[in-house]
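Please read the structure below before turning to the comments.
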Amino acid sequence: MASRGGAFAFITLCFTLELAWQGTAKPLLPAVFVFGDSMVDVGNNNFIEKCNISCKANYPHFGVDYPNHAPTGRFSNGYNMADQLAQLLHFDESPPPFLSMSNASLITQMSTGINFASGGSGLLDVTGNGPVCTQVLSMTEQVGNFTNLARMWGHADLISRSLIFINTGNNDLFEYTDFKDHNCDHNNREFLQSLVASYTRFLKDLYGAGARKFSVVSPSLVGCCPSQRLIAHDPKNPRDVDKYGCFAAANDLSRQLYPMIASMLHDLSLELPGMSYSLADSVKMVESVFNNTTTPSYNFTVLDRACCGGGPFGAGGCDSSAPLCHNRSNHLFWDDYHPTDAVTGVAAKLIFGDTTGLFVRPINVQQLVEL
């Protein structure tokens with residue numbers, strides 16, 4: 001829970017970053033390489049033929065606030081977190097999606113970055129490759145694509161000075177919670193340990209390809225998504241809810257996983273020479289919004305309902321026929337699973353510049369890129 005002092009520090013940070021962003025500047029590092037799920041996918045799923053419509057965002061109302069007001073494959077009304085962090089690093093937006101480029105252009109693009117993320121994916125290979133999404137790029141494939149390109153490109157020195165940005169694990173929690181709902185003897189601790197083991201393997205593979213600077217975002221309070229609120233408040237089969245009215249079982253997993261990821265990163269940084277990292281606590285970020293809904297920097301007054309979607313909690317799914325709210329800036333959620341660009345913009349600023357230690361540890365991304 002954020003203190004009053006933490007809220008004041010955050011307001012000051014946002015104002016400072018707004019001033020710093022006025023005008024253009026040279027990128028703060030050579031390249032950004034993005035890995036993860038739909039929180040940071042900028043269009044890879046558009047190019048996966050077997051990826052069904054539920055795991056694509058290349059149709060209205062997605063992109064309604066993007067510069068050309070058209071869907072791009074981002075699971076957002078506008079920019080997503082990968083774009084917004086890249087902009088704070090003085091790039092125009094996220095690097096382009098891996099699957100949008102030819103083999104020749106991929107090698108050239110390595111000099112400024114590539115986005116490998118795929119909506120629906122998770123830390124486990126089975127995540128996202130089931131009845132809902134059918135086929136996505138797993139983290140194993142994403143990391144493998146990067147390491148293959150890094151080997152062909154050969155500029156390990158540039159990779160070591162570039163940023164690896166990872167946002168993953170959310171979909172593993174969604175799918176596990178749904179599975180456990182029908183299999184009560186499943187072991188939470190073993191499941192979470194399997195996620196951390198996979199994360200460790202991916203980070204070591206990235207390190208082996210030359211990466212040294214890692215920005216990691218922990219899974220958020222997944223139980224607060226409109227889709228999960230709908231499950232928790234099902235009148236025929238109600239589940240336990242937490243103090244925010246969210247699906248308690250899903251949020252408990254998020255809260256348990258964060259310290260496990262933090263411990264794993266700390267141990268890896270001692271084991272792997274030259275590795276540095278910044279870990280964002282998404283649980284604390286969301287709790288801060290719930291506890292401070294209105295500040296001079298933001299005004300999130302709709303916390304439980306999607307902007308795009310009909311039915312209870314707006315969890316009916318977002319498409320061109322779905323109801324669309326007029327004020328996206330006051331909604332926490334864009335659709336049944338994803339935050340608005342106003343929310344991810346707040347998160348990106350904290351990931352980049354938080355110095356309170358409340359949300360990002362042991363250093364922020366601005367400090368990480370200066371190492």
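Looking at the chain, send over the antiparallel percent of its DSSP beta bridges, to the nearest 5.
20
Computed on alpha carbon atoms, what radius of gyration and Dmax characterise segment 136-227, expressed in Å?
Both quantities, over Cα of segment 136-227: 16.0, 49 Å.
Along segment 310-323, what does the Karplus equation 6.51 cos²θ - 1.76 cosθ + 1.60 (θ = phi - 60°) give for ³J(HN,Hα), rounded to whole Hz, x for Gly and Pro?
x, x, x, 6, x, 8, x, x, 10, 8, 5, 9, 6, x
Under Stokes-Einstein, with the Kirkwood radius over Cα pairs standing in for Rh, what whole-number D in µm²/s applies to segment 19-126 at 4 °C and 1.567 mPa s?
In µm²/s, the coefficient rounds to 90.
Just report the Cα centroid separation between segment 38-111 and segment 171-247, whole Å.
So the separation of the two Cα centres works out to 23 Å.
Determine the principal axes of the Cα atoms in segment 68-150, then give the extent along each, sorted from largest to smallest and rounded to whole angstroms.
Its Cα atoms span 37, 32, 21 Å along the three principal axes.
Expressed in nm to one decimal, what extension gain is obtained for the pair Ser54 and Asp234 from 0.36 nm per residue of sequence separation less their Cα-Cα distance?
My answer for the length gained is 62.6 nm.
Within straight cross-link reach of Lys236, meaning Cα distance under 23 Å, which lysines are found once same-chain residues fewer than 8 apart are removed?
Candidates past the 8-residue exclusion: Lys180.
Compute for the chain: radius of gyration divided by Kirkwood radius, i.e. Rg/Rh, restricted to C-alpha atoms, rounded to two decimals.
Rounded to two decimals, Rg/Rh equals 0.93.
How far apart, in nm, are the 7 Å Cα→Cβ label points at Ala104 and Asn299?
Once both label points are built, they end up 5.3 nm from each other.
Translational diffusion coefficient of segment 252-371 at 37 °C, 0.692 mPa s, Stokes-Einstein with Kirkwood Rh over Cα pairs, in µm²/s as a whole number.
Reported coefficient: 204 µm²/s.
If only Cα atoms are counted, what is the Rg of segment 51-92, and what is its Dmax, in Å?
11.1, 34
With a sphere of radius 10 Å drawn around the Cβ of Asn77, what net charge do the other residues whose Cβ falls strictly inside it have (Lys, Arg +1; Asp, Glu -1)?
Surrounding charge for Asn77 is -1.
Averaging the inverse of every distinct alpha carbon separation and then flipping it gives the Kirkwood radius. What is it for segment 68-114, in angstrom units?
Result for segment 68-114 stands at 11.7 Å.
Report the label-to-label distance for Lys243 and Ser194 in nanometres (one decimal), using points 7 Å from each Cα along the Cα→Cβ vector.
Using points 7 Å along Cα→Cβ, the separation is 3.3 nm.
List the trypsin sites (Lys or Arg not before Pro) in segment 217-288 that DSSP assigns to loop (not H, G, I, E or B) and whose Cβ has at most 10 other Cβ atoms within 10 Å. Which are they?
The qualifying sites are Lys236, Lys243.
FYI, it's all coordinate maths here, none of it is from the lab. Everything numeric here is computed off the predicted structure, so don't read it as measured data. All Cβ positions, glycine included, derive from the backbone under ideal geometry; neighbour counts span all protein chains shown.
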